[in-house]
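Participant: Take a look at the following structure, please.
The values are calculated or read from the model by the stated rules, or taken from the named source; none is laboratory data. All of these numbers come straight from a predicted model, not from anything done at the bench. Positions of Cβ are backbone-derived with ideal geometry, glycine not excepted, and every protein chain shown enters the neighbour counts. Quick note on the areas: whole protein, heavy atoms, side chains included, nothing else; ligands and nucleic acids left out. Shrake-Rupley method; radii C 1.70, N 1.55, O 1.52, S 1.80 Å.
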Amino acid sequence: MGSNPRTVPAPMIVEDWDQLTFRVNREAYRNAEIFARERGWVWMHTWLYLGHETEIPNPNDFKVRTLGGRPLIFCRDSAGEVHAFLNSCPHRGTVLCRENEGSTRLFQCFYHAWTFRNNGELAAIPDVGAYESGDAFGASMGLRGVPRLETHEGFVFVSFDPDVPPLLEYLGDAADYMTMIEQQHLGGMTTLPGTQLYSVRGNWKLAVENAMDGYHFAPTHNTFVGYLRESGYAVTDDNQYAYNLGNGHGLLVLTGHGGRISMLWEPRFGEDERVRTEAHRAEMTQRLGEKRAHHVADESHILFVFPNLLLFDIEGLSIRQLEPVAPDQTDVRAWQLVPRDEDPDTRALRMKTVVSFVGPGGLATPDDIEAYEAVQRGIQATAGTTRPELDYSDMSRGMADEVKGVQGRSIDEGAMRGFWRQWVEAVGLDDGLEIHGERPASFLVGRDVR
């Protein structure tokens, strides 16, 4: 029997530097073989965001997570060390931990009662004498840990590939923007209890595009824009930029879309918060220096770490983790990151402000979900067309500046192009990229924020 023919069309991306166009084949959002390649190539061979270490603050704390379809246990052992284990009993593969979160020294499989310590060691097997090799057998049957786990500024990443480069090398310039988050407050940051979990009827890459797309802010979120203007804030897209940070990571720097709780005051925050903000800004300047404090406090950042982490460091700070479920379905988990030590009135204002915009029921997130669900529905119109050139989405905005070496604006599509160039390489499609004309020798990457 012959092998099944490849169903991935070529090319997936067409860069035309003569016409200054960048097109993405819409099969990237709906093709089952591409989705399988993403699971096997991207999610298996790169660093993935697992969670924040403050989600499991105490010894014996645990959470369960799914990354790339693989169930995991994210925990601290009794000595306080962070681990990530496959949530699968080594005996017969049964899901081991059946609770979403909690605190325990031992994990026991309900099927045959094999029991494991939270450092992964096998603790007990009923009727262990039935296994002739005894201790040697038990030593080989501990929980299976992920091959790599590293942490940066509290953000915990794992990889199923033991040969990935060190995390900081992979993060590159993105690492410093994560450090800037930790530097916002002297006492550091912590996640709040609870997870916002919702499912989107759209491909995961549409969520990345949406986050890296300042172009949509004013038309899509016009209700929020109107609210800001009525409260006395002058919304603008001027002097705001997008950056490719290497390895598919991207950044939007926004200074005209709203204030930042405790760092950049605006009228809707109230006069009491203005006083607290002035005091905090004085402390930041003394601790970090004027230039660093400016970048940390005065700019809103939307940071994407390829392939599954989005950090919305805007009026508040929201962590989002993307979990692709199917070509047309994505699960999103979100957490709020807040200062460890914060005035109760500021904390209350922070939570009210965050849920009003980036929360699942706020003035932004439902708009965004509808936008990329509408794209997922709309691209069916050109599926299987007899004119294949119609089955491409355009992301050309700002290419003329890219050729000139001019920094791209947040309302251009340069950050998306950086993502797609990394994606086509990561999924291992040798004929996935077609280039016409003379490509720039290099693209602008990063900036000096130290």
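Participant: Which one of LEU228, LEU197 is of a type in the set (A, V, I, L, M) and open to solvent by 10 Å² or more (accessible area, probe 1.4 Å)? Explain how you work it out, then say what you get.
Facilitator: Numbers: LEU228 fails: open to solvent by 10 Å² or more (accessible area, probe 1.4 Å).
It is LEU197.
Participant: Which pairs turn up if I take residues in segment 217-228 that are modelled with pLDDT of 75 or more and look for partners that are of a type in the set (Gly, Ala, Ser) and open to solvent by 20 Å² or more (accessible area, probe 1.4 Å) with beta carbon separation below 8 Å, at least 6 apart in sequence or on another chain?
Facilitator: Partner pairs satisfying both residue conditions: THR220/ALA371.
Participant: Now, a different point. Just wondering, is there one or more residues in segment 373-393 that are open to solvent by 10 Å² or more (accessible area, probe 1.4 Å) and within 24 Å of GLN240 (Cα to Cα)?
Facilitator: Taking every residue of segment 373-393 in turn, none turns out to be open to solvent by 10 Å² or more (accessible area, probe 1.4 Å) and within 24 Å of GLN240 (Cα to Cα).
Participant: From the residues in segment 344-372 that are surrounded by fewer than 21 Cβ atoms within 10 Å (Cβ to Cβ) and among the basic types (Lys, Arg), which one is farthest from SER199 (Cα to Cα)?
Facilitator: Across segment 344-372, the extreme among qualifying residues is ARG347.
Participant: Given the residues ASP77, ASP18, which is the only one that is open to solvent by 50 Å² or more (accessible area, probe 1.4 Å), of a type outside the set (Phe, Trp, Tyr) and touching a His at 6+ places or on another chain (Cβ under 9 Å)?
Facilitator: After applying the criteria, what remains is ASP18.
Participant: Taking segment 134-155 as the search range and keeping residues that are part of a helix (DSSP H, G or I) and surrounded by fewer than 16 Cβ atoms within 10 Å (Cβ to Cβ), which one is nearest to the chain's Cα centre (by Cα)? It would help to see each step written out before you state the result.
Facilitator: Let us first name the residues in segment 134-155 that are part of a helix (DSSP H, G or I), namely 135-139.
The next check asks that each one be surrounded by fewer than 16 Cβ atoms within 10 Å (Cβ to Cβ); those that pass are 135-137, 139.
Working: ASP135: 42, ALA136: 41, PHE137: 40, ALA139: 36 Å.
Among those that are part of a helix (DSSP H, G or I) and surrounded by fewer than 16 Cβ atoms within 10 Å (Cβ to Cβ), it is ALA139.
Participant: Restricting the first residue to segment 243-268 and requiring it to be under 12 Å from MET212 (Cα atoms), which pairs with a second residue that is open to solvent by 30 Å² or more (accessible area, probe 1.4 Å) and assigned to a strand (DSSP E or B) meet a Cβ separation below 7 Å and a spacing of at least six or different chains?
Facilitator: Close Cβ pairs satisfying both conditions: ASN244/VAL445; VAL253/TYR241.
Participant: Step by step: first the residues of segment 88-133, then only those that are hydroxyl-bearing (Ser, Thr, Tyr), over 24 Å from THR54 (Cβ atoms) and assigned to a loop (DSSP other than H, G, I, E, B), then the one that is nearest to the chain's Cα centre (by Cα). Which residue is that? It would help to see each step written out before you state the result.
Facilitator: At the first step, the residues of segment 88-133 found to be hydroxyl-bearing (Ser, Thr, Tyr) are 88, 94, 103-104, 111, 115, 131, 133.
Imposing the further condition that a residue be over 24 Å from THR54 (Cβ atoms) reduces the set to 88, 94, 111, 115, 131, 133.
Retained after the next criterion (residues that are assigned to a loop (DSSP other than H, G, I, E, B)): 88, 94, 111, 131, 133.
On the way: SER88: 25, THR94: 29, TYR111: 35, TYR131: 45, SER133: 45 Å.
Per the stated criteria, the residue is SER88.
Participant: Which of the strands (runs of 3 or more DSSP E) contained wholly in segment 254-343 include at least 3 residues that are surrounded by fewer than 21 Cβ atoms within 10 Å (Cβ to Cβ)? Write out each step before concluding.
Facilitator: Working: elements: 300-305, 309-313, 317-326, 329-339.
Filter on segment 254-343 gives 317-326, 329-339.
Participant: A further question follows. Within segment 21-37, is even one residue open to solvent by less than 20 Å² (accessible area, probe 1.4 Å), within 27 Å of THR151 (Cα to Cα) and in contact with a strand residue (DSSP E or B) (Cβ under 9 Å, 6 or more places away or on another chain)?
Facilitator: We begin by selecting, within segment 21-37, every residue open to solvent by less than 20 Å² (accessible area, probe 1.4 Å); these are 22, 24-25, 28-29, 31, 34.
Retained after the next criterion (residues that are within 27 Å of THR151 (Cα to Cα)): none.
So far as segment 21-37 goes, no, none of its residues is open to solvent by less than 20 Å² (accessible area, probe 1.4 Å), within 27 Å of THR151 (Cα to Cα) and in contact with a strand residue (DSSP E or B) (Cβ under 9 Å, 6 or more places away or on another chain).
Participant: Hey, another quick one. Considering every residue within segment 125-133, establish whether at least one is in contact with a strand residue (DSSP E or B) (Cβ under 6 Å, 6 or more places away or on another chain) and of a type in the set (Val, Ile, Thr).
Facilitator: Of the residues in segment 125-133, the ones in contact with a strand residue (DSSP E or B) (Cβ under 6 Å, 6 or more places away or on another chain) are none.
No, there is no match, as no residue in segment 125-133 is in contact with a strand residue (DSSP E or B) (Cβ under 6 Å, 6 or more places away or on another chain) and of a type in the set (Val, Ile, Thr).
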